[in-house]
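S.K.: Shown below is the structure under consideration.
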Amino acid sequence: MTTEASEPSTKRDWAWVPRLVAAVGGAFLLGSGLWAMVAPAAFFEAAAMFEPYNAHFIRDVGAFMLGLGAVLLLAAARPAVEALAVALCGVGIGAVAHTLSHIVDRHEGGTPAVDIPFWVLLSLVLLGAGVARWRQAG
């Protein structure tokens with residue numbers, strides 16, 4: 001019977017790097033998304049000067065950035081949670097923000113009587129499925 005001596009690892013453990021990148025990227029996207037939603041004119045002037053200015057479009061962009069940031073932050077905070085749960089929750093958060101964009105801009109056009117209930121329902125379904133999966137997975 002042979003026993004192998006335990007050798008000290010000479011490799012550095014870099015497993016923390018992707019989590020750090022996800023956390024920093026998520027914080028940046030979350031902050032940018034909040035900025036775009038709360039102050040679309042200021043966001044447009046400072047970061048997204050693509051004419052013509054459209055406050056609703058800027059808010060929508062902010063909503064999607066919030067969703068992306070949420071996915072990264074959830075994944076960084078809880079790396080052991082299954083990807084499907086993280087994706088459903090993060091996209092659900094983005095859908096909630098998109099719903100708010102449609103509520104705030106309901107006077108700007110579109111079809112609020114259809115758009116708002118659709119986004120509310122989609123938000124609830126995504127978040128409900130995400131929370132259920134999160135609980136199932138761990």
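The values are calculated or read from the model by the stated rules, or taken from the named source; none is laboratory data. The shown structure was predicted, so the numbers you read here are calculated from the model rather than taken from an experiment. Neighbour counts are summed over all protein chains in view; Cβ atoms, including those assigned to glycine, are modelled from backbone coordinates with ideal geometry.
S.K.: Can you pull out the residues in the range 23-61 that are aliphatic (A, V, I, L, M) and surrounded by 19 or more Cβ atoms within 10 Å (Cβ to Cβ)? I'd like the intermediate steps shown before the answer.
M.R.: Pass one, the range 23-61, residues aliphatic (A, V, I, L, M): 23-24, 27, 29-30, 34, 36-39, 41-42, 46-49, 55, 58, 61.
Listed by number, the residues that qualify are L29, L30, A36, M37, I58, V61.
S.K.: Could you look through the range 78-129, keep only residues that are aliphatic (A, V, I, L, M) and in a loop (DSSP other than H, G, I, E, B), and pick out the one that is farthest from I58 (Cα to Cα)?
M.R.: First, the residues of the range 78-129 that are aliphatic (A, V, I, L, M): 80-81, 83-88, 91, 93, 95-97, 100, 103-104, 113-114, 116, 120-122, 124-127, 129.
Now restrict to residues that are in a loop (DSSP other than H, G, I, E, B): 80-81.
Values: A80: 34, V81: 32 Å.
Out of the qualifying residues, it is A80.
S.K.: Something else: Any residue that is touching a Cys at 6+ places or on another chain (Cβ under 9 Å), modelled with pLDDT of 95 or more and buried (at least 19 other Cβ atoms within 10 Å of the Cβ) - is there at least one of those in the range 96-109? Outline the logic, then answer.
M.R.: Our first condition is that a residue be touching a Cys at 6+ places or on another chain (Cβ under 9 Å); within the range 96-109, this holds for none.
Taking every residue of the range 96-109 in turn, none turns out to be touching a Cys at 6+ places or on another chain (Cβ under 9 Å), modelled with pLDDT of 95 or more and buried (at least 19 other Cβ atoms within 10 Å of the Cβ).
S.K.: Filter the range 82-95 down to residues that are surrounded by fewer than 21 Cβ atoms within 10 Å (Cβ to Cβ) and touching a residue at least 40 places away in the same chain (Cβ under 8 Å) and give me whichever is farthest from M49 (Cα to Cα).
M.R.: E82
Yes/no matrix, rows are residues, columns are (1) in contact (Cβ under 8 Å) with a residue 60 or more places away in the chain; (2) out of contact with any helix residue (DSSP H, G or I) (no Cβ under 6 Å at 6 or more places or on another chain); (3) under 19 Å from V131 (Cα atoms):
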residue: P18; (1), (2), (3): no, yes, no
residue: A23; (1), (2), (3): no, no, no
residue: A48; (1), (2), (3): no, yes, no
residue: I58; (1), (2), (3): no, no, no
residue: M65; (1), (2), (3): no, no, no
residue: A70; (1), (2), (3): no, no, yes
residue: A80; (1), (2), (3): no, yes, yes
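To keep it simple, each residue is scored yes or no on (1) more than 30 Å from V17 (Cβ to Cβ); (2) modelled with pLDDT under 95.
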{"residue": "P40", "(1), (2)": "yes, no"}
{"residue": "F50", "(1), (2)": "yes, yes"}
{"residue": "V61", "(1), (2)": "no, no"}
{"residue": "L66", "(1), (2)": "no, no"}
{"residue": "A80", "(1), (2)": "no, yes"}
{"residue": "V131", "(1), (2)": "no, no"}
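S.K.: Could you tell me whether any residue of the range 111-120 is closer than 30 Å to L20 by Cα, modelled with pLDDT of 95 or more and either touching a helix residue (DSSP H, G or I) at 6+ places or on another chain (Cβ under 6 Å) or not aliphatic (A, V, I, L, M) (or both)? It would help to see each step written out before you state the result.
M.R.: Narrowing the range 111-120 to residues closer than 30 Å to L20 by Cα: none.
No, the conditions are met nowhere in the range 111-120.
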